[in-house]
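The values are calculated or read from the model by the stated rules, or taken from the named source; none is laboratory data. Everything quoted here is computed from the prediction, not taken from an experiment. Positions of Cβ are generated from backbone atoms using ideal geometry, with glycine treated the same way; all protein chains shown enter the neighbour counts. The area values use the complete protein model at the heavy-atom level, side chains included, leaving out ligands, DNA and RNA. Shrake-Rupley method; radii C 1.70, N 1.55, O 1.52, S 1.80 Å.
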Amino acid sequence: MLDDRHHPTSSIGIAAKPLVLRAIAVAGLAAVIASAALAAATGHAVLHATLMCWIVLSYVLSGVLAWWHRPDSRIGALMILAGFATFLATLSWAGGQVPHAIGQAFDLVPVALILHVFLAYPTGRLRGRLERVLLTVGYTAAIGAQLAVMLLGGLGPGQVLTMTDEAAWAGVLHDVELVVISGVAIGGVVVLATRRRAEGQPLRRSLSLLIDSFALGFIMIAFLLLAGVFEGRPFPVVQAVALAALGLAPIAFVAGLLTARLARTAVGDLLLALRAPPVDLREPLARALRDPSLTIAYWLPQFGSWADQDGRPVVLPPDDGRSAVTLIGTGVEPMAALVHDPALNDEPELLDAVRAAAWIALENGRLRAEQRAHLDELRGSRARVIEAGQKERQRLERDLHDGAQQRLVALSLDLGLLESRLDTDSAARPVLAQAKREIALSLDELRDLARGLHPAVLSAHGLDVALESLAARAAVPVRLMVDVGGRLAEQVEVAAYYVVCESLANVAKHAQATAAIVDVVRKDGCVVVEVVDDGIGGADTERGTGLRGLADRVEALDGRLRVWTPLRAGTRVRAEIPCG
Amino acid sequence: MRVAIAEDSVLLREGLARLIGDAGFEVVARCGDADELRDAMRAPLPDVAIVDIRLPPTHSDEGLRAALDIRAGHPTVGVLVLSQYVELGLAMRLLADSAEGVGYLLKDRISDVPDFIGALRRVAAGGSAIDPVIVSTLLSKRRDGDPLARLTPREREVLELMAAGNSNQGIADRLVITLRAVEKYVSSIFDKLGIPSSGSDSRRVLAVLLYLRS
């Protein structure tokens, strides 16, 4: 299977055995119980303790769930890390110097880790440089600066990590650290907001909104940290809300992952729908992927281009965040491409499942598109051949008109002048008269020849005038109705003209008709030409009637020619020629 | 009589001018395209303009449009359109609702000098000259139960000459019969076809063409 060139399917995740995941879950529960016991033993504020325990629990368990269902995503591991880091931070409640110091050292690490989770959701990987820089700064401040503060003797007297007693400097450094982390938190929220705006995901919008609202918890955290630095007093309500928001976020994350899981049943439906492969694959695929914007393009190697299901060339959109392209194919060559919402890149398994389910149907779709492209090409080349012939005939007609015909007319004019200057009884008169008759005959023949080559009146004066003359020359009376509203494309006019011309010729030759009706109207973007006679019918549409050539002409323009010719019930020729 | 000629072939244009000059007319304008012809339509106006239907630059409908413009803008100027083909559709556009002062002939007709000069004179004087090919094409259809089938051969001849724009006297001269006889044929034809026989020579041209076309 050819992997998506634009968004390679992740395979860097760490596969975890069920046993390991279970162990992690158990460890998470143990951690929560330990924290709760610690809080109870030290008389820690109940609300704060509960919220912290909740964060440990929700991140660890959601992380395990995520890792379980999305082994190719690092998000699960990240969430577990965030959960345990929070647990370690609760150790600061302890009275013992070492656990207290560990707790203090980890005090701000959860903020950085949880921000990491938000920014890396759902793949577990960061998307841009800005995000990496933000988190690097965040981790450096939360771990490095915090340790430095502690080494300098900050965070309370008798602190176990104290190397030198520079409490004043430690206090300054700690304030800087808090300000930096606040900045990182706000920066992270800005990145998230910008990303949502740029992507405008139509799928699971409500879930995205939920996640966004949890991200507001970071603003509160930043506020709390800054308030701690500049005001020196706590805001317990804000703190509780911030912790609750960040603690609820994993539920939204897991809900997102479960939605992806539900989508797999849609793949089952897709398989059912493809049992009798529909002509339009787009609709069932769009349903299975829950992406109404989905389009399918097929790769046509012989044309070296992408095409839609009708074989018309299409261009794949650029990878600009508004749409994403997933290629499907074997070996080195793609077969088809799904152009979809970039949000679907978050669900590589769904894409894989759909790709596997639709493989054969897509292959068929590609063959069909290729066939249509060939047909189009054939039609195009037929149209070109006919048009080239038409142009050549037009040129010949023009040459005849401006050359031989003009010269013969000038010659007969000279003869006429000569004749008028001769004596009435000159012996040359009969010779001159004979010459004039010969020239008149030649001109007649040339006129017929030229008209057969190309109806000059058609290109000069349009269909209605040309058809009026055609009807006048017909062998039987013709009732003519032309209503096309002005001039049409030349090849359309020529085709319509020849439909009438050949049909009336057939009426004269074969139909034994007494009258004919010619009706030419413009309807629904088509010129509809109908020639009906009251003759004997039963025309042989394959031989001697020129109908085959007419059909070629009409079909080359994407039109349709039909002939009804029942015995003893007249003949009806109907052509529909698209005219834009 | 003053004549303007619009014809892009120099050979033909000069030949026509010579022929017309020989006949005692004055050629007041020799135009190579439709714009030159329009420029020639200023006082003193010519009596008649001879217009090739295919004129530069595109050789499509420039000549016809110039002819229609003159008919609309200068009703006193007769317009004689010449063409390598005669088409009923174009004749009907040219005539529109009146055959007065209009002619439409095959170019070949200029070789029959007296006939051509006669047609030119008729058109200049407000009459008409329609190429016989048009009428004979219309008459050549197979028709069942058609009033035309009841015409005698002589009456058909008279009908053709009449539709071409000839006056009764012209028909009499052509067929070498008396004016009285022509009048008898004409009223018989109108009776048989059910066309009201009133009006000028040009009115009956239009009436006959419309009858034959329908």
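What do you get for the angle between helix A:236-273 and the principal long axis of chain A? Use alpha-carbon atoms, 0 to 90 degrees, nearest ten. Around 40 degrees separate the two axes. Based on Cα atoms of the stretch A:18-253, Rg over Rh with Rh as the Kirkwood radius reads 0.97.
Close amide H contacts of A:Ala515 (hydrogens built in the peptide plane, cut-off under 5 Å, sequence separation of 5 or more or a different chain): A:Asp534. Note that the stretch A:73-82 has calculated 3J(HN,Hα) couplings of 10, 7, 4, x, 4, 4, 5, 4, 4, 4 Hz, one per residue in order, obtained from phi through the Karplus relation 6.51 cos²θ - 1.76 cosθ + 1.60 (θ = phi - 60°); glycine and proline are x. Rounded to the nearest 10 degrees, the inclination of helix A:463-473 to the longest alpha-carbon principal axis of chain A is 30 degrees.
Counting residues in the stretch A:346-471 as N, plug N into 2.2 N^0.38 Å and put the Cα Rg over that result.
Numbers: Rg = 30.8 Å, N = 126, 2.2 N^0.38 = 13.8 Å.
Rg over 2.2 N^0.38 Å, computed on Cα atoms: 2.23.
Ratio of Rg to Rh for the stretch A:282-386: 1.03 [Cα atoms; Kirkwood radius as inverse mean 1/r over pairs]. Within the stretch A:494-543, the GluC sites (Glu not before Pro) that combine a DSSP coil assignment with at most 16 other C-beta atoms in a 10 angstrom radius are A:Glu542. Inter-part distance, the stretch A:26-61 to the stretch A:285-320, computed on C-alpha centroids, equals 52 Å.
Report the Stokes-Einstein translational diffusion coefficient (µm² s⁻¹, integer) for the stretch A:458-578, Rh taken as the Kirkwood radius over Cα pairs, at 10 °C with viscosity 1.306 mPa s.
Values: Rh = 14.0 Å.
D, rounded to a whole number, is 113 µm²/s.
If exposed means no more than 13 neighbouring beta carbons inside 10 Å and the site is in a DSSP loop, what's the longest run of chain A without any exposed trypsin sites (Lys or Arg not before Pro)? Each step should come with its number before you reach the end.
Details: sites that count: A:Arg5, A:Arg127, A:Arg275, A:Arg322, A:Arg487, A:Arg543, A:Arg568.
Between the exposed loop sites, the longest stretch runs A:323-486.
Using only Cα coordinates, the Kirkwood hydrodynamic radius of the stretch B:1-92 works out to 13.1 Å.
Computed from Cα positions, the angle between helix A:109-120 and the longest principal axis of chain A comes to roughly 10 degrees. Backbone amide hydrogens, once placed in the peptide plane, bring B:Ile50 within less than 5 Å of B:Ala4, B:Ile5, B:Ala6, B:Leu80, excluding anything fewer than 5 places away on its chain. Residue by residue, the stretch A:130-140 carries 3J(HN,Hα) couplings of 3, 5, 4, 4, 3, 6, 4, 4, x, 5, 4 Hz when phi is fed to the Karplus relation 6.51 cos²θ - 1.76 cosθ + 1.60 (θ = phi - 60°); x denotes Gly or Pro.
Computed over the stretch B:48-175, the alpha-carbon pair-distance distribution with 5 angstrom bins reads 2, 11, 20, 23, 19, 13, 7, 5, 1, 0, each value a whole percent.
Phi angles of the stretch A:310-317 translate, via the Karplus equation with coefficients 6.51, -1.76, 1.60 and θ = phi - 60°, into HN-Hα couplings of 8, x, 7, x, 10, 10, 5, x Hz per residue; Gly and Pro are given as x.
Can you give the extra length, in nm with one decimal, that the chain gains between A:Glu438 and A:Ser293 once fully stretched, where that is 0.36 nm per residue apart less the Cα-Cα distance? Please report the intermediate quantities before stating the final value.
On the way: separation 145, 0.36 × 145 = 52.20 nm, distance 7.40 nm.
Contour length minus the Cα-Cα distance gives 44.8 nm.
Could you list the square roots of 5 times each eigenvalue of the Cα gyration tensor of the protein assembly as shown, that is, the equivalent ellipsoid semi-axes, sorted largest first and rounded to whole Å? Walk me through the numbers before you get to the answer.
Working: eigenvalues 1964, 173, 88 Å².
Over the Cα atoms of the protein assembly as shown, the ellipsoid semi-axes are 99, 29, 21 Å.
The separation of the stretch B:13-75 from the stretch B:115-134, counted between C-alpha centres, amounts to 15 Å. With N counted as the residues of the stretch B:135-213, its alpha-carbon radius of gyration over 2.2 N^0.38 Å works out to 1.01.
Quick one: of the DSSP bridges fully inside the stretch A:458-578, what percent are antiparallel, nearest 5? Provide the component values of the computation, followed by the final result.
On the way: 20 of 26 bridges.
Antiparallel: roughly 75 percent of the beta bridges in the stretch A:458-578.
Report, in cubic angstrom per residue, the convex hull volume of the C-alpha atoms of the stretch A:366-427. Let's see the in-between values first.
Numbers: hull volume 4.4 nm³, N = 62.
Spread over its residues, the Cα hull of the stretch A:366-427 gives 71 Å³ apiece.
Averaged per residue, the stretch B:75-194 has 39 square angstrom of accessible surface, using a 1.4 angstrom probe with ligands and nucleic acids left out. With the alpha-carbon atoms of the stretch A:96-199 aligned to their principal axes, the span from lowest to highest coordinate is 51, 25, 16 Å, starting with the largest. Residues whose amide H lies under 5 Å from that of B:Ser197, counting only those 5 or more places away or on a different chain, are absent; hydrogens are built 1.01 Å from N in the peptide plane.
Summed over both chains, the contact between B and A buries some 3300 Å² of accessible surface at a probe radius of 1.4 Å.
Might you tell me the accessible area per residue for chain A, computed with a 1.4 Å probe and given in Å²?
Numbers: 27150 Å² over 580 residues.
With the other protein chains kept in place, chain A gives 47 Å² per residue.
Kindly provide the helix-only [θ] at 222 nm of the protein assembly as shown, computed as the sum of -39,500 (n - 2.57) over DSSP H runs of four or more divided by all residues, to the nearest 500 deg cm²/dmol? Before the final figure, lay out each step's value.
Working: 28 runs with 453 residues, N = 794.
After summing the helix terms and dividing by the residues of the protein assembly as shown, the value is -19000 deg cm²/dmol.
Of the solvent-accessible surface of the protein assembly as shown, computed with a 1.4 Å probe over protein heavy atoms with every protein chain present, carbon and sulfur atoms account for 60 percent.
Burial annotation for the stretch A:501-515: residues with an accessible-area loss of at least 30 Å² between the isolated chain and the complete set of protein chains, computed on heavy atoms with a 1.4 Å probe, are A:Thr514.
Listed by chain and number, the aspartates and glutamates whose alpha-carbon sits under 19 Å from that of A:Lys436, ignoring those within fewer than 8 places in the same chain, are A:Asp414, A:Glu419, A:Asp423, A:Asp425, A:Asp444, A:Glu445, A:Asp448, B:Asp108, B:Asp112, B:Asp115, B:Asp131.
Largest first, the extents of the alpha carbon coordinates of the stretch A:451-496 on the three principal axes equal 29, 26, 15 Å.
Taking square-rooted eigenvalues a ≥ b ≥ c of the alpha carbon gyration tensor, is the stretch B:128-176 rounded, prolate or oblate, where a/c under 1.5 means rounded and, failing that, a/b exceeding b/c means prolate? Can you show the working numbers first?
On the way: a/c = 2.89, a/b = 1.57, b/c = 1.84.
Oblate, because a/c is 1.5 or more while a/b does not exceed b/c.
Scaled against 2.2 N^0.38 Å for its residue count N, the alpha carbon radius of gyration of chain B is 1.03. Bridging of B:Lys192 to aspartates and glutamates at a Cα separation below 16 Å is possible for B:Asp144, B:Asp146, B:Glu155, B:Glu157, B:Glu160, B:Glu183, once same-chain residues fewer than 8 apart are set aside.
Given the C-alpha centroids of the stretch A:486-503 and the stretch A:76-124, what is the distance between them in whole angstrom? Distance between centres, Cα-based: 81 Å.
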